[in-house]
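Report on the following structure.
The values are calculated or read from the model by the stated rules, or taken from the named source; none is laboratory data. Source: prediction; values computed, not measured. As a convention, Cβ positions derive from the backbone with ideal geometry for all residues, glycine included, and neighbour counts pool all protein chains shown. Keep in mind that these areas ignore ligands, DNA and RNA; they rest on the heavy atoms of the full protein, side chains included. Shrake-Rupley method; radii C 1.70, N 1.55, O 1.52, S 1.80 Å.
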Amino acid sequence: MNANSPDSKKRTRIAVFSIALVVPFLASLFYAVFFPGTAFGNLFYSGVKIFLVAWPLASVFLFLKEKGTHLPGKRNHKASIMPGAAFGIAIVGLLFFLIKMTPLGAVVEDNSANIVVFVEKLGVKQHFIWFALFISFAHAALEELYWRWFAFGEGRKIMTVGWAHLIAGIGFASHHVVIVNQFFPLGWALFLGACVAIGGIVWSWMYHRYNSLLGPWISHMIIDLGLMWVGWEALQAA
């Protein structure tokens, strides 16, 4: 069968999409669960960041031989800024409300030592502020490129847009559940993971609506800064 035939191209797209969904989850098991705080485990943490760049490039330009996954037409970068910022601010406000006014606050306080241990095992405790800035700005941009431009972008080519939103959102949340479960009980990890999935779906909706990653990145950045502040407070209380 012709490697460039529609059926062959679809099978290749399904393969690269499936790999994109599961590799970050599998890597998180190695650096957060199986070998935390070891050089071997941290190798997976660093390696998956490289993968987030290498796999989309290899998939799009080598395996699929395409120019990209974006939609044709106008890219409404400016129009995406306000919805992105508003969503980010709303979620951070909700986060702080839940911590101050609901049982989530007690859960965070009771398990703050676990956050400190996880940060220590990653080897970033002594330069946490720089780590937080990297996660909030550069890593948020990287995840938007990977999960919205690439994973969702490829997913919407092999299924309906609605299913692509859902499956890419679940894939985005899966490794977060593993990480959050190192801090909090499984029930809370699943609840917070579901929140991450909803955030991923909103961001892929923004990307699809405005054909721009700017709004999702701004939103992602604001939320990550809020989460890093929670981590910083846990470190100061330790």
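Picking from Lys121, Lys100, which residue would you name as being among the basic types (Lys, Arg) and over 30 Å from Phe44 (Cβ atoms)?
Answer to the check: Lys100.
Whether any residue in the range 181-188 is without any contact (Cβ under 8 Å) to a residue 60 or more places away in the chain and either in a helix (DSSP H, G or I) or closer than 24 Å to Asn76 by Cα (or both) is what I want to check.
yes
Of the conditions (1) assigned to a helix (DSSP H, G or I); (2) more than 20 Å from Leu142 (Cα to Cα), Ile198 satisfies every one except a single condition; which number is it?
For Ile198, the failing item is (2).
Yes/no per residue for (1) open to solvent by 40 Å² or more (accessible area, probe 1.4 Å); (2) within 23 Å of Val16 (Cα to Cα); (3) of a type outside the set (D, E, K, R); (4) more than 16 Å from the chain's Cα centre (by Cα):
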| site | (1), (2), (3), (4) |
| --- | --- |
| Leu145 | yes, yes, yes, no |
| Val161 | yes, yes, yes, yes |
| Ala168 | no, yes, yes, no |
| Phe172 | no, yes, yes, no |
| His208 | yes, yes, yes, yes |
| Ser219 | no, no, yes, no |
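Condition check: open to solvent by 50 Å² or more (accessible area, probe 1.4 Å) and farther than 18 Å from Trp205 by Cα. Does Leu190 satisfy that?
Here the answer is yes, as Leu190 does meet what is asked.
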